[in-house]
Amino acid sequence: MTIDGMYEILFIVTMSLLALITFAYLVRTILGPHFTDRILAANSISTVIILIISVLAVYLKESYIVDVALIYASLGFITVIILCKSRLQIHHRDRDDDFKNLKKGLDKHD
Amino acid sequence: MIKLIISTILIVLGLIVVITAAVGNYRFAYVLNRMQVGSTADTLGASLVISGLIVYSGFSLISLKLVMMIVFLWVANPVASHFLAKTEIIENEDILDECEVVRHDSI
Amino acid sequence: MFILLFLLWVALNGKITVEIIVIGFVVTLGVYAFAWKCLDYSVKSDIHFFKNFFWIILYIFVLIYEIIKSSLSVVLIAFKQDIEIQPQIVFFEVKLKNKVLLTVLANSITLTPGTMTVDVEENRFCVHALDKSMAEGIEDLVFVKLLMKMEENV
């Protein structure tokens, strides 16, 4: 077996394992009891997909595919930020996201 | 041949960390604890896999872009998980059932 | 900073021709002007960066070492038979004043598995820790000492 063939096996096994992990996170996204569970799983999915795209870029030896991964990374980041921000704005307008209010909120439960 | 061994070790270690994060996602019960394991995957797992790919592709344009990728992940992911944690703490009414609060400050 | 931006442009393009260099020069100049006007950037911060170069490199290595060390403990916790953890939320203060360094500190606390910054206001931190053992000694972290040294240089 040549070295290139071994690399091919390595990359394909890596990609398929990462794809399986993506499905595991997808189930968590559907099950997740809270809102934050779902967002967390979606964020992890984006990380795993970035890894898949990077491995694919190296496997095909095309450097422009890494750009796709970079843009995917920034999209995932912006998704998380905007979803959390809008959630806080819509449902918790009374509790301002201020540090002192956070402390007060924690004290209230005592 | 040495390159193959090094990159295989790095990629397999990274895969182990990523799989651990996926398993931990099911084993931990509460979101903030899950997030800790998830951040492990984001930082260590992703950068291990990507550095394995860098070792394979040597000094080229692809590896330069992959280094940029690691830097981006390390800058952006903490911000995302910080925001998520803040949302959870503001949203959850029974946070004190899950974790205790310790004060070391003067207020 | 100008050189760095220009190199980024060339790296994203992937090849060097005359058009790319000319357009890249114009675009880089625009971004540089934007950073100067809106992002509080000046030549001073570049000089500070080179003054602190040794500490920054040391900081990156310490960060990687800490990440690997605490990742191992988190992985071990995740594979235990019965998970017994006591999550904590810790409030504490640090003596740093520089805003950039505070941001760096918050980000490195979040990057280290096991601890996560929930909120920061000026120099007060709110940190969630996965276990009691990880919350111990969070006030005098290695990062804080290194960043204090960097602040003295500024």
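The values are calculated or read from the model by the stated rules, or taken from the named source; none is laboratory data. The structure displayed is predicted, hence computed values, not measured ones. For neighbour counting, all protein chains shown are included, and Cβ atoms are generated from backbone atoms with ideal geometry for every residue, glycine included.
Within the range B:64-84, is there a residue that is in contact with a His (Cβ under 8 Å, 6 or more places away or on another chain), at pLDDT below 85 and at the interface with another protein chain (Cβ under 7 Å from one of its Cβ atoms)? Break it down into steps so the answer makes sense when it comes.
Filtering the range B:64-84 for residues in contact with a His (Cβ under 8 Å, 6 or more places away or on another chain) gives none.
Scanning the range B:64-84, I find no residue that is in contact with a His (Cβ under 8 Å, 6 or more places away or on another chain), at pLDDT below 85 and at the interface with another protein chain (Cβ under 7 Å from one of its Cβ atoms), so the answer is no.
Select from the range A:75-93 the residues that are at the interface with chain B (Cβ under 7 Å from one of its Cβ atoms) and without any contact (Cβ under 8 Å) to a residue 40 or more places away in the chain and write down the one among them that is surrounded by the most Cβ atoms within 10 Å (Cβ to Cβ). Steps first, answer last, please.
Let us first name the residues in the range A:75-93 that are at the interface with chain B (Cβ under 7 Å from one of its Cβ atoms), namely A:77, A:80-81, A:84, A:87-88, A:92.
Remaining after also requiring without any contact (Cβ under 8 Å) to a residue 40 or more places away in the chain: A:77, A:81, A:88, A:92.
Working: A:F77: 20, A:I81: 15, A:L88: 18, A:H92: 14.
Here the residue is A:F77.
Specify the residue that is nearest to B:L15 (Cα to Cα); the eligible residues are those in the range A:25-45 that are of a type in the set (G, A, S) and surrounded by 20 or more Cβ atoms within 10 Å (Cβ to Cβ). Break it down stepwise before answering.
From the range A:25-45, those of a type in the set (G, A, S) are A:32, A:41-42, A:44; that's our starting set.
After this cut, where a residue has to be surrounded by 20 or more Cβ atoms within 10 Å (Cβ to Cβ) as well, the list is A:41, A:44.
Numbers: A:A41: 17, A:S44: 14 Å.
Residue satisfying both the conditions and the ranking: A:S44.
Does C:V75 meet the test of being away from chain B (no Cβ under 14 Å), without any contact (Cβ under 8 Å) to a residue 60 or more places away in the chain and on the phi < 0 side of the Ramachandran plot? Explain how you work it out, then say what you get.
Values: away from chain B (no Cβ under 14 Å): no; without any contact (Cβ under 8 Å) to a residue 60 or more places away in the chain: yes; on the phi < 0 side of the Ramachandran plot: yes.
For C:V75, the condition - away from chain B (no Cβ under 14 Å), without any contact (Cβ under 8 Å) to a residue 60 or more places away in the chain and on the phi < 0 side of the Ramachandran plot - is not met.
So C:G30 fits all but one of (1) at pLDDT 75 or above; (2) assigned by TED's automatic domain parsing to the domain that holds C:K145; what number is the exception?
Among (1) at pLDDT 75 or above; (2) assigned by TED's automatic domain parsing to the domain that holds C:K145, C:G30 violates only (2).
Considering only residues of the range B:1-58 that are basic (K, R) and either farther than 21 Å from B:W74 by Cβ or surrounded by fewer than 22 Cβ atoms within 10 Å (Cβ to Cβ) (or both), which is nearest to the other protein chains (Cβ to nearest Cβ)? Give the steps one after another, and end with the answer.
Initial filter on the range B:1-58 (basic (K, R)): B:3, B:27, B:34.
Filter once more, so that each one left must be either farther than 21 Å from B:W74 by Cβ or surrounded by fewer than 22 Cβ atoms within 10 Å (Cβ to Cβ) (or both): B:3, B:27.
Working: B:K3: 9, B:R27: 6 Å.
Out of the qualifying residues, it is B:R27.
Identify all residues within the range A:1-24 that are among the polar types (S, T, N, Q) and either in contact (Cβ under 8 Å) with a residue 24 or more places away in the chain or closer than 20 Å to B:I16 by Cα (or both); write none if there are none.
Taking the range A:1-24 and keeping what is among the polar types (S, T, N, Q), we get A:2, A:14, A:16, A:22.
Once the filter is applied, which keeps residues that are among the polar types (S, T, N, Q) and either in contact (Cβ under 8 Å) with a residue 24 or more places away in the chain or closer than 20 Å to B:I16 by Cα (or both), the range A:1-24 yields A:T14, A:S16, A:T22.
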